[in-house]
Every structure is written in C-alpha cells, then in structure tokens.
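Below is one structure, written out as structure tokens, with a few remarks after it.
The values are calculated or read from the model by the stated rules, or taken from the named source; none is laboratory data. These numbers come from a predicted model, not from an experiment. Neighbour counts are summed over all protein chains in view; Cβ atoms, including those assigned to glycine, are modelled from backbone coordinates with ideal geometry.
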Amino acid sequence: MSEQNEASLQLYDEKCKNLLKEPEIRFAGIINKEGNLVVGGFKEGLIPYENDETKLQAFYNFVSKASIRKEFDKSLGPINYIAARRDKAVLVSFPFPISQILLLISAEPSINIENLAKKIVEIFTNVK
C-alpha cells in the first residue's frame, strides 16, 4: 500500500471515529470497491442487532451497484447519497467516486437524514 493511501485511510478512520461520537450513529465505515471494510466499524460497546454485519454487506452490494450507474448523472447530477429507512435502523451510503469507496452509516431510526448528510459533507470535504 502506498504511503498516500495509508495516510488517506488513517484520515478516513479518524473521521469515522468522529462520526461514531454522534449519539444516533451505530456504525461508520469505509468500504472499498471489493466490498471490504477498510476502516471504521461499530460504535464501541454497542451490541449489534442480529446479523447486522451481514445486512450492512448486503446494503453495500446494493448501493455500490446503484452508485456506479451513471445513466442519470447527465440529466439529474451524480448521486450524493443513498438512504434506506428501516424500523430499527437507517442505512445511508455516501459514494466517493474519485477514490471508488463508500462511506456506510448505520444509525438509529430517529436520525434526520438531511442533517446527517450535511454533517458528512462538512466532515469529509477535501478528503481524498
């Protein structure tokens, strides 16, 4: 792994840890294009729901396919994020097209998705 990639991963890890300080966020992680978690994870001390990790992987597979589709980018613009609200959790992914990774968030159902998206943009602006 190059020194620049290592530095980027460390920065992403710090930002994910920063997100996990938010009371409603359960999981914050960076997923690479192969579908592997490279940094981040569940909030320390949190007991994941049964099969949480499997569900996050399935959600990643779904959003990664949706995120790489470009047929509407010219008319509607690129995807900023994809969100799924469930009874027990909200799942939100933010594609970083240049680096071909995704930020995946799992949060409590009470979270305001728009406010979360604004916070993500603030935290991750200028990260390469």
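In the range 39-89, of all residues being assigned to a loop (DSSP other than H, G, I, E, B) and hydroxyl-bearing (Ser, Thr, Tyr), the one that is modelled with the highest pLDDT corresponds to Tyr81.
Please enumerate the residues belonging to the range 1-36 that are in a loop (DSSP other than H, G, I, E, B) and either modelled with pLDDT of 90 or more or under 14 Å from the mean Cα position of the chain (by Cα) (or both).
Here is the first cut: in the range 1-36, the ones in a loop (DSSP other than H, G, I, E, B) are 1-2, 20-24, 32-36.
Scanning the range 1-36 gives Leu20, Lys21, Glu22, Pro23, Glu24, Asn32, Lys33, Gly35, Asn36.
Of the residues screened, Ser106 is one that is over 21 Å from Ser8 (Cα atoms), small (Gly, Ala, Ser) and modelled with pLDDT of 85 or more.
Give me the residue from the range 25-65 that is of a type in the set (Lys, Arg) and more than 20 Å from Ile113 (Cα to Cα) and, out of that set, surrounded by the fewest Cβ atoms within 10 Å (Cβ to Cβ). Before the answer, list the steps.
Residues of the range 25-65 that are of a type in the set (Lys, Arg), as a first pass: 26, 33, 43, 55, 65.
Of the ones still in play, those that are also more than 20 Å from Ile113 (Cα to Cα) are 33, 65.
Working: Lys33: 11, Lys65: 9.
Within the range 25-65, the match that is surrounded by the fewest Cβ atoms within 10 Å (Cβ to Cβ) is Lys65.
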